[in-house]
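Here's the structure we're looking at; comments come further down.
The values are calculated or read from the model by the stated rules, or taken from the named source; none is laboratory data. What you see is a predicted model; the values in this text were computed from it and never measured. So basically every Cβ, Gly included, is an ideal-geometry build from the backbone, and we count neighbours across all protein chains shown. Ligands, DNA and RNA are excluded from the accessible area calculation, which covers all protein heavy atoms including side chains. Shrake-Rupley method; radii C 1.70, N 1.55, O 1.52, S 1.80 Å.
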Protein chains: 2
Amino acid sequence: MEEHHDLSVNLHLVIEGEEEIGSGNLGSFLEQNRDALKCDVAVVSDTGMIARGVPTLSYGLRGVTALEVKVTGPKMDLHSGVFGGAVANPITALAQLLATLHDRQGRVAIAGFYDRVKPLEDWEREAWRKLPVDGDKLILEETGVPELFGEAGYNSVERIWARPTAEINGIGGGYQGQGTKTVIASHAMAKLTFRLVPEQEGDEILKLAKEHLQKHLPKGVTMEITTGHSGPWYLTDPHSALGEAAQRALRKAFNRDPALIREGGSIPIVSQFREILGVETLLMGLALPDCRAHSPNENFPLENFEGGIRLNKAILQELA
Amino acid sequence: MEEHHDLSVNLHLVIEGEEEIGSGNLGSFLEQNRDALKCDVAVVSDTGMIARGVPTLSYGLRGVTALEVKVTGPKMDLHSGVFGGAVANPITALAQLLATLHDRQGRVAIAGFYDRVKPLEDWEREAWRKLPVDGDKLILEETGVPELFGEAGYNSVERIWARPTAEINGIGGGYQGQGTKTVIASHAMAKLTFRLVPEQEGDEILKLAKEHLQKHLPKGVTMEITTGHSGPWYLTDPHSALGEAAQRALRKAFNRDPALIREGGSIPIVSQFREILGVETLLMGLALPDCRAHSPNENFPLENFEGGIRLNKAILQELA
């Protein structure tokens, strides 16, 4: 506006603070304000750059759905000497149950889990192999894991960007303090999330997961399952007219050809923009691979803050 | 002493407060005071009665040994969208590892675990079946478990009194609070104890357990094992001269034939009395099956407090 005294496009800013808990209220807000928010495209900056200085257009995201499982045995914690051997241990039962979620090659073992999964396109695998980044090396360095591990038949970026997962995000039961306490816990719980890819449906995956857990529940315990928030996957065409505009803006802002990728994370609102406002979303984010999202020392470089200013100027011009 | 102006025996009282953490200092105290504590028999009241009003002599105890296992993957908690699928999940790996500890019939699956286990004697199984108590019913009522579960081929009291166990006493990892947090935890841990029976050796069981865990550790994670305190099992002859004296005292105090049982708990000091002082221990306890040891609302009836006064008077006379 300083340069041209006006913007070349009309602009709505939508700000929400519930993304990390599933954006539970944004959908109804969009519906209530559908007319006021009428637009041609959405632009979101909640994704990342594949490497420092490499402009990146993310054209796909995984979805996510969640459940919590609680396994109960005795009505109270028991002395493991007085009762141990004659009653099922809820922690042991939970471990046995969770161990059935995957085979030893890293594949999810829930019946039907992969039925709707759209295979990776050849052009995508080809394009991702040519990206100016060594995904395996990056993951080893950033995470410090002793070795990579995942579904057989896929490399690391394919596993993260295009394959679904079943992750246990938390587990707890019995005595977790210092030293020893010889109890058999009354109950134990685990929190699970599933990352979803096209064309998986969150509700169907939850149903299949529940059936799996019910089928594999060990003897001697009962189980409660609570389902949590869900967000769908997203996939758009990076070669559409809007996608090409985004690519030009990224090139202009960073003076380099953009990388076209998918991401492993989930941003439920982009599906709501599509469903409620009827528009596609351009995902042009600026987080670096070592930004430590959701970890201690999360960070964002000033250099990318400045790049973001250039990028936002360019995308408004290109979209116009 | 009020009745007879003297005791019929010489008496040492040994009081310690570390039983629940493995009695780490009592052994050296006994060694340092071996001469002062010279005696013919030890009497301990840390066991239970099989039912209200039924005097009980416990002639066997299980031992216990402990270890803690910590499984580590990434150096910090990771975003499960950004990295999920390409790195092993330490909680999943721990669940898979712990699931290998038992077969689905409740038998411990550690190689060599049962090699030294002394089979139950026919007379014991026979005697225990005649006890005036329904073990299965009691355990169902006291614990509230949906069904009994344990090693195939044994009833509940046999499982508790004469068979070894591998129990997970605690497990923890990742996010355990309200709602969802989409992390892959850096690490997860579990606390295990093993109840030991004649002739198992605590150190050997720990060695076998470590080998088992190392052998079954899933890919993509590392493991640390820390061993905790150990206490040996105990078995004495209820029909020895001292055992018969104990039975007479129990009969006198409660006006009923005593039940002869083993117990599932562990009292490490009785083995130290045997090894260091060279004496057997008479286990004549007064806790009831619903005393809720190690649980909320632990309790002890006044009636048994009074019975204990009669019993202590009688045992001193009978031992004399």
Yes or no: A:Ala152 loosely packed, with under 15 Cβ neighbours inside 10 Å and at pLDDT below 95? yes
Got a number for residues in the range B:18-49 being touching a residue at least 40 places away in the same chain (Cβ under 8 Å) and open to solvent by less than 60 Å² (accessible area, probe 1.4 Å)? 14
Those residues of the range B:100-155 that are under 20 Å from A:Gly81 (Cα atoms), charged (D, E, K, R) and at the interface with another protein chain (Cβ under 9 Å from one of its Cβ atoms) come to a total of 4
Sole miss for A:Gln176 among (1) over 25 Å from the mean Cα position of the chain (by Cα); (2) touching a residue at least 24 places away in the same chain (Cβ under 8 Å) is condition (2)
Mind counting the residues in the range A:215-228 that are open to solvent by 50 Å² or more (accessible area, probe 1.4 Å) and under 14 Å from A:Leu192 (Cβ atoms)? 4
Scan the strands (runs of 3 or more DSSP E) fully inside the range A:1-116 and keep the ones with 1 or more residues being of a type in the set (Lys, Arg). A:63-72
Residues (out of contact with any Phe, Trp or Tyr (no Cβ under 7 Å at 6 or more places or on another chain), within 14 Å of chain B (Cβ to nearest Cβ) and small (Gly, Ala, Ser)) located in the range A:254-279: A:Gly265, A:Ser266
With respect to the numbered conditions (1) part of a helix (DSSP H, G or I); (2) of a type outside the set (Val, Ile, Thr); (3) open to solvent by less than 40 Å² (accessible area, probe 1.4 Å), which one is the sole condition not fulfilled by B:Pro289? (1)
Is one or more of the residues making up the range A:156-170 out of contact with any strand residue (DSSP E or B) (no Cβ under 8 Å at 6 or more places or on another chain), more than 21 Å from A:Ser295 (Cβ to Cβ) and either buried (at least 22 other Cβ atoms within 10 Å of the Cβ) or more than 8 Å from chain B (Cβ to nearest Cβ) (or both)? yes
From (1) more than 16 Å from A:Trp161 (Cβ to Cβ); (2) open to solvent by less than 60 Å² (accessible area, probe 1.4 Å), pick out the condition that doesn't hold for A:Ile139. (1)
What do you reckon, is B:Glu126 among the charged types (D, E, K, R) and either crowded, with 18+ Cβ neighbours inside 10 Å or within 14 Å of B:Gly264 (Cα to Cα) (or both)? no
Checking the structure you have, find out if any residue of the range B:127-146 is part of a loop (DSSP other than H, G, I, E, B) and aromatic (Phe, Trp, Tyr). no
Out of A:Leu283, A:Leu235, A:Leu250, A:Leu242, which single residue is open to solvent by 40 Å² or more (accessible area, probe 1.4 Å) and in contact with a strand residue (DSSP E or B) (Cβ under 7 Å, 6 or more places away or on another chain)? A:Leu242
With the checklist (1) in contact (Cβ under 8 Å) with a residue 12 or more places away in the chain; (2) out of contact with any Asp or Glu (no Cβ under 8 Å at 6 or more places or on another chain) in hand, flag the one item A:Arg107 doesn't pass. (2)
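Let's see how each residue does on (1) under 24 Å from the mean Cα position of the chain (by Cα); (2) within 30 Å of A:Gly150 (Cα to Cα); (3) part of a loop (DSSP other than H, G, I, E, B):
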site: B:Ala188; (1), (2), (3): no, yes, no
site: B:Leu192; (1), (2), (3): yes, yes, no
site: B:Pro198; (1), (2), (3): yes, no, yes
site: B:His212; (1), (2), (3): yes, yes, no
site: B:Thr227; (1), (2), (3): yes, no, no
site: B:Ser230; (1), (2), (3): yes, no, no
site: B:His239; (1), (2), (3): yes, no, yes
site: B:Ala246; (1), (2), (3): yes, no, no
site: B:Ala249; (1), (2), (3): no, no, no
Hey, can you tell me all the residues within the range A:50-91 that are farther than 30 Å from A:Leu242 by Cα, open to solvent by less than 10 Å² (accessible area, probe 1.4 Å), under 24 Å from the mean Cα position of the chain (by Cα) and more than 8 Å from chain B (Cβ to nearest Cβ)? A:Leu67, A:Val69
